[in-house]
Structure formats: C-alpha cells, structure tokens
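Visitor: Could you have a look at this structure, given as structure tokens, before my questions?
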C-alpha cells in the first residue's frame, strides 16, 4: 500500500468521523486521550530502549509513534464501527498531541543517556 493510499484512508476516516458538534476541545475525555497515548508512546520507546539495545533512535521513535497513534485510530475506528461512542477528529488531535508529548519526553531521555544505539558502547 502506498503512502498516498494510507493518507487517503486517514483523511476519509476523519471526514467520516464528521463534525462532532457536542464534542468540545476541552471535554473531559481529552486529557485521557493525551495521557494514554503519551504513556503508550513513551512506554513503547522505553521498552525498545531497554530490550533492543542495538536499535537506533529513529526506529524506536517510529515504533513508539505507531503504538500511540495506532491506539488512538483503533479506538476511534471502534467507536465508528460498533457505535461504542462518538468518533471525533478532536479526540484524534489529542491522540496526536499525546503521542508527540510522549515521544519528545523519550527523545530527551535518550539524548541524556547518550543517544543513538546504547548497546554499542
């Protein structure tokens, strides 16, 4: 699947999620979206740092972002398909904020610990 196809699918999903008029940017679930995705992103990066010492920063970051955003997309997809909640682009935005927060935290940690592949020292 090409990169264009993937982004097209994401765009279609966001458009299907549609206008969530009752979903406010400061709704009570927004901090949960940020916290969960930040934790998943940082946790994935940390596990890879600890258990895959030869892996470079870029690959750790890629897997961590995939975990954080993947969880957010999965949750919104389940809301859409099974009517378990209202799918919301605002929730997806908060998932992206949480993912970025977790990744930045771990990149700073990684740089403080020496960065790159710590297993080759």
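Visitor: Looking at (1) out of contact with any helix residue (DSSP H, G or I) (no Cβ under 8 Å at 6 or more places or on another chain); (2) at pLDDT 95 or above, which one does residue 28 not meet, given that it meets all the others?
Guide: Checking residue 28 against (1) out of contact with any helix residue (DSSP H, G or I) (no Cβ under 8 Å at 6 or more places or on another chain); (2) at pLDDT 95 or above, the one that fails is (2).
Visitor: For the stretch 44-56, give me the residue count where each residue is in contact (Cβ under 8 Å) with a residue 60 or more places away in the chain and within 26 Å of residue 93 (Cβ to Cβ).
Guide: Summing the residues that are in contact (Cβ under 8 Å) with a residue 60 or more places away in the chain and within 26 Å of residue 93 (Cβ to Cβ) in the stretch 44-56 gives 2.
Visitor: Among the residues of the stretch 95-107, is any more than 14 Å from the chain's Cα centre (by Cα), in a helix (DSSP H, G or I) and under 19 Å from residue 58 (Cβ atoms)?
Guide: yes
Visitor: Please enumerate the residues belonging to the stretch 64-84 that are in a helix (DSSP H, G or I), without any contact (Cβ under 8 Å) to a residue 60 or more places away in the chain and either in contact with a helix residue (DSSP H, G or I) (Cβ under 7 Å, 6 or more places away or on another chain) or on the phi > 0 side of the Ramachandran plot (or both).
Guide: 64, 65, 67, 68, 69, 71, 72
Table: residues versus (1) crowded, with 18+ Cβ neighbours inside 10 Å; (2) closer than 30 Å to residue 113 by Cα; (3) modelled with pLDDT of 95 or more.
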| residue | (1), (2), (3) |
| --- | --- |
| 36 | yes, yes, yes |
| 41 | yes, yes, yes |
| 60 | yes, yes, yes |
| 69 | yes, yes, yes |
| 82 | no, no, no |
| 86 | no, no, no |
| 94 | yes, yes, yes |
| 97 | no, yes, yes |
| 101 | yes, yes, yes |
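The values are calculated or read from the model by the stated rules, or taken from the named source; none is laboratory data. Every value quoted in this text rests on a predicted model; they were computed, and no experiment measured them. Note that each Cβ is placed from the backbone with ideal geometry, even for glycine, and that neighbours are counted across all protein chains shown.
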